[in-house]
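Written below as structure tokens is the structure these notes are about.
The values are calculated or read from the model by the stated rules, or taken from the named source; none is laboratory data. As the structure is a computational prediction, the values presented were derived from the model and not from experiment. Note: ideal-geometry Cβ built from the backbone for every residue, glycine included; neighbour counts use all protein chains shown.
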């Protein structure tokens, strides 16, 4: 389990290497929902998502020998881009295993940061392990790693420095790295703050894991929010969610796309489906927050290309 000091240490490590992202309000969305809604814009982060926070923190923690062997990961796109970027900062080769269904824009971006991409139509973890066994890279897990979780926690650290009056914070849930870090940092700073995680209905591994009391694996994923389409929850992330998260809810693809459209039209922000899960939860009325309260929604990413927008909207 990470500590508040772990998050503060991560903040010191990444300072000057990643952006401190803005926290902005939206009068329109606030009126629609009946709360004061603040948006933490990780879509403005380097590589277009919150992921470099954990990736850079993890690279910093590796030994010289581990870096020399290179790093490898599995990712739908955002973590892969971020690891490739972070690895380049350290002069480390990075290999990224991605699903064959991955957005072309995310594949191209990962390669542009210097990553070597391997596409697979099968089990991503098995493919990653096979390459790692053959080539000897250091595995950097996309979410189930304490350094990755602590890096994600810096999102909440910044948000609550800017808005210490916040009553609740909402973040999307894929494998659970973001919500684990955000929840731990937020609760350790303010035990009274409410933390809500949001999953797509078609990729609800964390909700199932909570119900079963152990990490669950999904046989099928069906959601437009590829950034939240993790096929399993992690041991570390489930433990953090069980301890620090008040509620995990699910939203439909229709609710996600509705939120995405409103954020783009009314807030003038380019966001990916995974990035607006929290907004979708508020707009749908599924997130249990008090009327008039101050709620921080983590806009976790904005990696969506023009062709993707045409297809989605």
For residue 239, are the conditions met, namely being assigned by TED's automatic domain parsing to the domain that holds residue 200, in contact with a strand residue (DSSP E or B) (Cβ under 8 Å, 6 or more places away or on another chain), in contact (Cβ under 8 Å) with a residue 60 or more places away in the chain and surrounded by fewer than 18 Cβ atoms within 10 Å (Cβ to Cβ)? no
Restricting the range 253-281 to residues that are surrounded by 24 or more Cβ atoms within 10 Å (Cβ to Cβ) and out of contact with any strand residue (DSSP E or B) (no Cβ under 7 Å at 6 or more places or on another chain), which is nearest to residue 161 (Cα to Cα)? 263
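To keep it simple, each residue is scored yes or no on (1) out of contact with any helix residue (DSSP H, G or I) (no Cβ under 6 Å at 6 or more places or on another chain); (2) outside the structural domain of residue 109 (by TED's automatic domain parsing); (3) at negative phi.
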{"residue": "195", "(1), (2), (3)": "no, yes, yes"}
{"residue": "205", "(1), (2), (3)": "yes, yes, yes"}
{"residue": "211", "(1), (2), (3)": "yes, yes, yes"}
{"residue": "254", "(1), (2), (3)": "yes, yes, yes"}
{"residue": "268", "(1), (2), (3)": "yes, yes, no"}
{"residue": "277", "(1), (2), (3)": "yes, yes, yes"}
{"residue": "300", "(1), (2), (3)": "no, yes, yes"}
{"residue": "306", "(1), (2), (3)": "yes, yes, yes"}
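For every residue, the table says whether it meets (1) within 17 Å of the chain's Cα centre (by Cα); (2) in contact (Cβ under 8 Å) with a residue 40 or more places away in the chain; (3) over 25 Å from residue 150 (Cβ atoms).
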| site | (1), (2), (3) |
| --- | --- |
| 245 | yes, yes, no |
| 250 | yes, yes, yes |
| 254 | no, no, yes |
| 257 | no, yes, yes |
| 268 | no, no, yes |
| 274 | yes, yes, no |
Within the range 225-236, can you find the residues that are touching a strand residue (DSSP E or B) at 6+ places or on another chain (Cβ under 8 Å) and part of a loop (DSSP other than H, G, I, E, B)? 225, 229, 231
Tell me the residue from 129, 104 that is modelled with pLDDT under 95 and closer than 19 Å to residue 51 by Cβ, please. 104
Boolean, residue 164 is farther than 20 Å from residue 234 by Cα, in a loop (DSSP other than H, G, I, E, B) and in contact with a helix residue (DSSP H, G or I) (Cβ under 9 Å, 6 or more places away or on another chain): yes
